[in-house]
1. Can we say TYR159 is surrounded by 10 or more Cβ atoms within 10 Å (Cβ to Cβ), outside the structural domain of GLY44 (by TED's automatic domain parsing), out of contact with any Lys or Arg (no Cβ under 9 Å at 6 or more places or on another chain) and aromatic (Phe, Trp, Tyr)?
2. Any residue that is out of contact with any Leu (no Cβ under 8 Å at 6 or more places or on another chain), of a type outside the set (Gly, Ala, Ser) and under 30 Å from ALA35 (Cα atoms) - is there at least one of those in the range 74-93?
3. Please give the number of the condition LYS96 fails out of (1) buried (at least 18 other Cβ atoms within 10 Å of the Cβ); (2) outside any loop (DSSP other than H, G, I, E, B).
4. Within the bounds of the range 47-58, is there any residue that is outside any helix (DSSP H, G or I) and touching a strand residue (DSSP E or B) at 6+ places or on another chain (Cβ under 9 Å)?
5. Suppose we filter ILE57, ILE38, ILE64, ILE98 for residues that are among the β-branched types (Val, Ile, Thr), under 22 Å from ARG161 (Cβ atoms) and within 16 Å of the chain's Cα centre (by Cα); which single one remains?
6. Evaluate the following for LEU141: is it hydrophobic (A, V, I, L, M, F, W, C) and closer than 28 Å to LYS24 by Cα?
7. Testing ASN116 on (1) closer than 20 Å to GLY11 by Cα; (2) surrounded by 14 or more Cβ atoms within 10 Å (Cβ to Cβ), one condition comes back false. Which one is that?
8. Does GLY86 satisfy being of a type outside the set (A, V, I, L, M, F, W, C), within 23 Å of the chain's Cα centre (by Cα) and over 26 Å from LEU163 (Cα atoms)?
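The values are calculated or read from the model by the stated rules, or taken from the named source; none is laboratory data. Values in this document were obtained by computation on a predicted structure and should not be read as measured data. Quick reminder, even Gly has a Cβ in these numbers, built from the backbone with ideal geometry, and neighbours come from all protein chains shown.
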Amino acid sequence: MSEEAKKEEYGKLLFEWKAPEYVKYERTRNWYIWAGIIFVLLLGYAVYTLNLLFAVILILAAVIISIRAKGEPMEVDFKIFEDGVGLGSNKFYAWKEIDQFYIIYEPPEVKNLYFNLKGLRSRLSIPLAQQNPLKVREALLKYLAEDLEQEREPLSEEYGRFLKI
């Protein structure tokens, strides 16, 4: 679908920016040594307790972390339209699919826009990159309620940043 057709289908384009699909952390040799030790210990525990599902999950996590460490994150287009939010070239969330939004802006570590999606209560996290969070907030308030109770980033993202995974 052409850019012009998207603009017609999703309404006026309000904001557009690019950001990496995930954060690539700098990891030292010590990080890999400790991660390997913890992996071996947890895998040994999974085998000892005959918990094969846990062992498979550990192996899959190790493979995913290894693949992401070797590759570079893709640049993803983020767009805010009058009718919803676009991610990349083929994912679009209409406002009716989104419950609320909130922004956590604590540079340089955290500069994210979060959408609470309806249904399974999933969350969509979008890096703000160089966007002005006040202007983005002002535009979103026309379409969504802001979750003012959220004052910190989700614990899963906080732990992920701390553990560099």
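1. Yes; evaluated as a whole, the condition is true for this residue.
2. Looking through the range 74-93, at least one residue is out of contact with any Leu (no Cβ under 8 Å at 6 or more places or on another chain), of a type outside the set (Gly, Ala, Ser) and under 30 Å from ALA35 (Cα atoms).
3. (1)
4. Looking for residues that are outside any helix (DSSP H, G or I) and touching a strand residue (DSSP E or B) at 6+ places or on another chain (Cβ under 9 Å), one finds none in the range 47-58, hence no.
5. ILE64
6. The answer is no for LEU141.
7. Failed condition: (1).
8. Considered against the rule, which asks whether it is of a type outside the set (A, V, I, L, M, F, W, C), within 23 Å of the chain's Cα centre (by Cα) and over 26 Å from LEU163 (Cα atoms), GLY86 comes out as yes.
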